[in-house]
Amino acid sequence: MKFIVLWNGLPTAESSVIERFMKTGGQMPDGVKLLGRWHAIGGLRGVAIVEADDNRAMAAMALDWGDLLTMDISPALTDEDLGAALGKRMAAGNK
């Protein structure tokens, strides 16, 4: 399953976030595959798209950075997945 991960750095965490990222490269825990990650210019915020089959791996990722970042993690659908869901809805007569 794919997830959208939005993060924001805590106001006092900039130095610690930089240090940890430079030390670890922002590696994902076992069971989480990074598909892409983008960082905002001039702030401790960004977005990543990740894939995991186990919610425990996603929890581990959030816990790895939870002392420095707030995270909003949501399941994600591809266009194809959403199209299939919309097609079923339309076929059932729902508009």
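The values are calculated or read from the model by the stated rules, or taken from the named source; none is laboratory data. Because the structure is a prediction, the values reported are computed rather than measured. As a convention, Cβ positions derive from the backbone with ideal geometry for all residues, glycine included, and neighbour counts pool all protein chains shown.
Computed values, structure above
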| quantity | calculated |
| --- | --- |
| Of residues in the stretch 22-38 being surrounded by 14 or more Cβ atoms within 10 Å (Cβ to Cβ) and out of contact with any helix residue (DSSP H, G or I) (no Cβ under 9 Å at 6 or more places or on another chain), the one farthest from Leu63 (Cα to Cα) | Arg37 |
| Residue list for the stretch 81-92, restricted to those being more than 15 Å from Glu51 (Cβ to Cβ) and not aliphatic (A, V, I, L, M) | Gly83, Gly87, Lys88, Arg89 |
| Criterion (acidic (Asp, Glu) and either touching a helix residue (DSSP H, G or I) at 6+ places or on another chain (Cβ under 6 Å) or at pLDDT below 95 (or both)) met by exactly one of Glu80, Glu51 | Glu80 |
| Matching residues, the stretch 52-94, being part of a strand (DSSP E or B), touching a Gly at 6+ places or on another chain (Cβ under 9 Å) and either among the hydrophobic types (A, V, I, L, M, F, W, C) or farther than 12 Å from Leu6 by Cα (or both) | Ala52, Leu69 |
| Out of Gly46, Gly9, sole residue that is surrounded by 15 or more Cβ atoms within 10 Å (Cβ to Cβ), at pLDDT below 95 and touching a strand residue (DSSP E or B) at 6+ places or on another chain (Cβ under 7 Å) | Gly9 |
| Inter-residue pairs, beta-carbon under 8 Å, first farther than 13 Å from Ala76 by Cα and in the stretch 47-58, second assigned to a strand (DSSP E or B) and of a type in the set (A, V, I, L, M), 6+ apart | Ala57/Val32; Met58/Val32; Met58/Val50; Met58/Ala52; Met58/Ile73 |
| Among the residues listed as Glu51, Glu19, the single one being among the charged types (D, E, K, R) and surrounded by 15 or more Cβ atoms within 10 Å (Cβ to Cβ) | Glu51 |
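Table: residues versus (1) in a loop (DSSP other than H, G, I, E, B); (2) under 13 Å from the mean Cα position of the chain (by Cα); (3) among the hydrophobic types (A, V, I, L, M, F, W, C); (4) closer than 12 Å to Trp65 by Cα.
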| position | (1), (2), (3), (4) |
| --- | --- |
| Ile4 | no, yes, yes, no |
| Trp7 | no, yes, yes, yes |
| Lys23 | no, no, no, no |
| Gly26 | yes, yes, no, yes |
| Asp30 | yes, no, no, no |
| Arg37 | no, yes, no, no |
| Val47 | no, yes, yes, no |
| Val50 | no, yes, yes, no |
